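What follows is a set of notes on a single structure, which appears directly below.
Any read-out appearing in this document is the output of simple, stated calculations on the displayed coordinates, not a laboratory observation. Remember, predicted model here, so these are calculated numbers, not experimental data. All Cβ positions, even for glycine, are placed from backbone atoms using ideal geometry, and neighbour counts span all protein chains on display.
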Amino acid sequence: MKGNYKLGAALAIVGILTTVLLIILLASIYMPTVEGKIIDERPDEAITVRIVFALLGWVGMTAGALWIVVLYGFQNKMAWAWGWGCVAAMMQIVAGFFPIIPPASIGMAFPTIWVFLIAFALWFGMLFIGGVQKKIFILAFFSGLAYILTFIDGVGAISRYQTVEQSFMVGMYAVGQMVNWWGAAAWVVFIFALVKGKSWTIPAGIFAASMSIFGGIPVGLTDVVRLGRFSMFLPAPIISAVLLVVLLLPGTKKLIENQIEISTG
């Protein structure tokens with residue numbers, strides 16, 4: 001599969017069609033999910049859905065535009081095509097994943113799961129075409145998990161910001177919210193650098209992990225204090241902290257340096 005430009009072009013077309021599917025599915029569940037949350041007496045989550053579903057629609061459509069560029073790249077046998085295809089797939093993964101949660105929580109259908117599954121397969125396909133090493137592949141996978149969870153931390157903070165009354169806690173959710181979304185974007189940059197063997201891979205990873213920690217710990221610990229139990233805000237910064245340690249290990253540095261040599265050689 002490595003260097004298979006015809007397969008890459010076919011996957012890029014699937015990516016473009018997946019964007020069309022995402023637009024239709026998001027539009028179809030947008031207001032029903034908002035209304036369902038209001039009926040479920042969660043107006044805070046209804047407002048969150050209004051904001052985040054729209055944002056993910058924008059992200060998904062941008063991914064579609066990027067897939068068209070990737071298709072051009074594969075058709076002209078450009079070596080950069082699979083790396084940007086990986087980025088487009090990651091954008092579609094988050095655009096398809098989060099819209100599963102709100103409708104599922106109120107017993108509604110969650111059709112964007114198909115977008116998520118297709119995008120996940122496209123991501124794997126791009127890495128296979130790029131001939132990414134197995135260990136790099138595994139590191140990219142867990143970094144992708146941190147990416148998704150960090151994004152969701154930013155979503156959750158929007159809901160908490162609307163419902164919590166204690167002023168200090170409201171402030172903590174407020175200051176941590178956007179940092180999590182920036183952290184999610186930083187993970188995408190890191191994964192791109194990792195699989196493409198860029199010289200700045202490790203600094204990018206340190207930055208992404210640190211952003212997730214700075215964004216997730218405040219909202220996570222605030223939740224623990226407020227609720228008196230483990231918070232689902234915490235997996236993102238915990239996984240990011242583990243990845244930060246892994247990135248600083250000599251073995252990881254050697255692995256990434258080897259990927260850089262392969263990419264530049």
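For the chain, count the residues as N, evaluate 2.2 N^0.38 Å, and divide the Cα radius of gyration by that value, please.
1.04
What's the exposure ranking of LYS37, LYS196, LYS135, going from fewest to most Cβ atoms within 10 Å? Let's see the in-between values first.
Details: LYS37 23, LYS196 20, LYS135 14.
Listed from fewest to most nearby Cβ atoms, that is LYS135, LYS196, LYS37.
Which value, in nm² and rounded to one decimal, describes the direction-averaged projected area of the C-alpha convex hull of the stretch 133-265?
Working: hull surface 29.9 nm².
The number I arrive at for the stretch 133-265 is 7.5 nm².
Can you give the Rg to Rh ratio for the stretch 197-265, taking only C-alpha atoms and Rh from Kirkwood?
1.17
Please give the length that would be gained between MET232 and LEU255 if that part of the chain were fully extended, namely 0.36 nm times their separation in residues minus their C-alpha to C-alpha distance (nm, one decimal).
Working: separation 23, 0.36 × 23 = 8.28 nm, distance 3.17 nm.
Full extension from MET232 to LEU255 adds 5.1 nm.
Kindly list the residues of the stretch 13-33 that lie in the label zone of ASP40, defined by a backbone N under 18 Å from the point 7 Å along the Cα-to-C-beta vector.
Flagged as within label range: 26-33.
Let me check I've understood the local charge: for TYR173, count other residues with C-beta under 14 angstrom from its C-beta, Lys and Arg +1, Asp and Glu -1. What total comes out? Don't skip to the answer; put the middle values down first.
Values: positive: ARG160, ARG226; negative: ASP44, ASP153, GLU165, ASP223.
Combined, the nearby Lys, Arg, Asp and Glu give -2.
May I ask you to work out the translational diffusion coefficient for the stretch 1-131 at 20 °C, viscosity 1.002 mPa s, via Stokes-Einstein with Rh from the Kirkwood sum over Cα pairs, reported in whole µm²/s?
On the way: Rh = 15.0 Å.
Taking Rh from Cα pairs, D becomes 143 µm²/s.
As an exercise, use a Förster radius of 51 Å and the Cβ-Cβ distance of MET78 and VAL225 to find the FRET efficiency, rounded to the nearest 0.05.
E between MET78 and VAL225, to the nearest 0.05, is 0.50.
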